[in-house]
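Here's the structure we're looking at; comments come further down.
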Amino acid sequence: MSSPKSFDEIDDTELALKFGKQLACGTTGAEPCPLLVSATLPRSVRSGLSLHPRRYDQYCPIAGALDLVGERWTLLIVRELLLGPARFTDLRTGLPGVPPNLLSTRLRELEAEGLVARRELPPPAARTVYELTEDGRALEPVLRALVRWGMSRMAPPDGIDLDPGAAVRSALWAARTPRAALAPRR
């Protein structure tokens with residue numbers, strides 16, 4: 001018998017099917033739930049449908065940005081891709097704790113929004129890598145600002161299982177001078 005899945009291991013479609021209309025859509029049951037309807041459609045049709053009913057639906061640039069990158073793990077995926085192109089397994093290594101189905105979902109969403117591109121490497125590598133598009137790389141100053149803001153609020157790592165490699169990568173990335181600052185001024 002398999003162990004029950006944690007909440008993070010259940011993808012949105014499975015969650016919608018498991019908990020029904022009321023929890024997944026907040027409907028009264030009188031109207032059809034878009035999540036349940038989309039779950040019954042072929043993948044080619046539902047690929048254009050968002051499985052995330054949580055949208056701000058506000059005419060506000062912050063709300064619009066959060067609609068794109070505000071889901072759990074999304075900015076951490078962008079953080080990893082700011083280091084350069086990465087294979088799916090590289091992303092899983094750099095993001096311990098992310099369920100593989102959730103990582104796949106987030107990568108598909110980022111790709112659909114034009115923030116991430118998938119590229120096949122030529123032989124002998126013959127691997128798929130994910131990389132940020134120009135729009136995705138435009139998030140770098142936002143993440144740098146979050147790093148500076150977040151570092152001032154972090155407690156010392158006493159008693160925390162700390163990955164030294166991740167800590168060093170994060171510190172070096174935060175301190176790195178952006179390419180634009182290195183360009184000669186005219």
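The values are calculated or read from the model by the stated rules, or taken from the named source; none is laboratory data. Because the structure is predicted, anything quoted here is derived from the model rather than measured. Backbone-built Cβ (ideal geometry, glycine too); neighbour counts: all protein chains shown.
Some notes on this structure:
- Residues of region 86-120 that are touching a strand residue (DSSP E or B) at 6+ places or on another chain (Cβ under 8 Å) and either among the basic types (Lys, Arg) or not assigned by TED's automatic domain parsing to the domain that holds Leu139 (or both): Arg87, Arg118, Arg119.
- Any hit, region 70-79, residues being of a type outside the set (Asp, Glu), in contact with an Asp or Glu (Cβ under 7 Å, 6 or more places away or on another chain) and either at pLDDT below 95 or on the phi > 0 side of the Ramachandran plot (or both): no
- Search result, residues across region 66-108 that are in contact (Cβ under 8 Å) with a residue 40 or more places away in the chain and under 17 Å from Ala138 (Cα atoms): Leu68, Val69, Leu75, Val78, Arg79, Leu81, Leu82, Leu83, Gly84, Pro85
- Residue within region 91-102 that is among the polar types (S, T, N, Q), modelled with pLDDT of 95 or more and under 12 Å from the mean Cα position of the chain (by Cα) present: yes
- Pair list, Cβ under 8 Å, 6 or more apart: region 49-64 residue under 21 Å from Thr105 (Cα atoms) and surrounded by 11 or more Cβ atoms within 10 Å (Cβ to Cβ), other residue among the aliphatic types (A, V, I, L, M) and modelled with pLDDT of 90 or more: Tyr56/Ala63; Tyr56/Leu66
- Among (1) charged (D, E, K, R); (2) modelled with pLDDT under 95; (3) within 19 Å of Leu146 (Cβ to Cβ) - the single one Arg55 does not satisfy: (3)
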